[in-house]
Amino acid sequence: MSEEQRPRLRDLFRPRPISTDRTITTEADEAVPFGLRVTAAYAWRLLLIAAAVAGIIWIVIQLKLLVIPLLVGILITALLWPAFEWMLRHRFPRWAAVAIAIIGTIAIVAVLLWLVIWQVRSQLDDVRDRSTQAVEEFRQFLIEGPLHLTDKQIQGYIDQGMSIIDEQAQLLWNGALSVGTTAAHVATGAVLSLFILICLLADGRGIWRWTVRLFPRAARPAADAAARNGWTTIVNYARTQLFVAAIDAVGIGLGALLLGVPLAIPVAVLVFLGSFVPIVGAVVTGAIAVLLALVYNGPWIALAMLAVVLAVQQVEGHILQPILMGSAVKVHPLAVVLVVAGGSMVGGIPGALFAVPLAAFVNVAAVTVSTGSWRTGVQPDADLIWSTVPRQRRRSIR
């Protein structure tokens, strides 16, 4: 085979000119309308993509006990990565940086759990009694108020509401239970996530270099650039969500404490965890805080709690975040809500948690390859589900 006839693998990712050669068509092909042929071409390609996606989801579900801890370890690594890189830049030994990151994370989680358990134990009886009293007062209002409902009608509405709640809760908890239906599965997943976290912090670059070698030689530069851009996006996502979660948790928890709403610390921790699900998590956890204030403190305190939730989210999104982070985070709300809804339908709570960062990673990686930005080494300039635009800073000239 001559040199000109031999295929060149290095040319696979170079843009090729559109061929102007005419394709051979039969009389039957010409009899089919052009619009129908185009529609059929799109249809079988979309069906092939849908089959591939369904196959990947099926494999993930079958390997859920391995995939979920892996995703947890990667997400926690992204959360710790800015602090970890800071320690490495300041000449910390890698083993010391890994130890500080792991021990510090475990210590923070332990302190939060202790505070939650302490406040729940100290206020649970009071909250339970007040909740029972509030439910009874609301029942009497339905009977004696302008609605004039009977006990049978009230019980029927309660049964309908409980059935709807059970259906939705079953949909959400299926994903959580699929991670591990026993304490052994949960413990195994936690240990595996911790081990993955340590490995990624200790030798993440070596692991990735080995992974890149699994690709064909000609595809390695594009795969490496796409994954690196995707990882940068995940780190930015994790940093942004950590900041958002901290602001929301401190603001809403402090507001609940000042308004006399019970279980202020568990509410703050719940808001912190829920904020890692963009948009949806903050809305749901804020609604729980308002509902708790309504049941325990009455409608006026609940209205004040709602004002606190809205004020905290507005201040965080429009004032503190641009000032402290120095960047404008651009997220399309429709894309985020649809991705979170789809993730929760497929994987329950874990699906809702990982849907946005996974979709953002895939989006950035695909755009990196399709736009050819992997050749220049710069971030792709295209519409992304999640992207950060650094704010220009003036540098002093010495």
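Structure summary
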| read-out | value |
| --- | --- |
| Euclidean distance of C-alpha centroids, the stretch 44-71 and the stretch 95-140, integer Å | 36 |
| Solvent-accessible area of ILE74 with every protein chain in place, 1.4 Å probe, in Å² to the nearest 10 | 60 |
| Local electrostatic count, PRO93, Cβ distance below 15 Å [Lys/Arg +1, Asp/Glu -1] | +1 |
| Residue-wise HN-Hα coupling along the stretch 265-271, computed from phi with Karplus coefficients 6.51, -1.76, 1.60 (Hz; x: Gly, Pro) | 5, x, 5, 5, 5, 5, 5 |
| Residue-level accessible surface for ILE61, protein heavy atoms, 1.4 Å, Å² | 80 |
| Estimated FRET transfer efficiency (ILE288, ALA31; beta-carbon r; R0 56 Å; 0.05) | 0.35 |
| Estimated dipole of the stretch 28-134 in Debye, rounded to 20 [Cβ of Lys and Arg +1, of Asp and Glu -1, Cα centre] | 360 |
| Rounded to whole Hz, the Karplus (6.51, -1.76, 1.60) HN-Hα couplings of the stretch 59-69, x for glycine and proline | 5, 4, 5, 5, 9, 4, 5, 9, 6, 5, x |
| Overall form of the stretch 182-256 per C-alpha gyration tensor (a/c, 1.5; a/b vs b/c) | oblate |
| Theoretical FRET efficiency, 1/(1+(r/R0)^6), r = Cβ-Cβ of ALA134 and ALA190, R0 35 Å, to 0.05 | 0.40 |
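The values are calculated or read from the model by the stated rules, or taken from the named source; none is laboratory data. Source: prediction; values computed, not measured. FYI the Cβ positions are ideal-geometry reconstructions off the backbone, even for glycines, and counts take in every protein chain you see. Just so you know, the surface numbers come from the protein's heavy atoms only, side chains and all, with ligands and any DNA or RNA stripped out. Shrake-Rupley method; radii C 1.70, N 1.55, O 1.52, S 1.80 Å.
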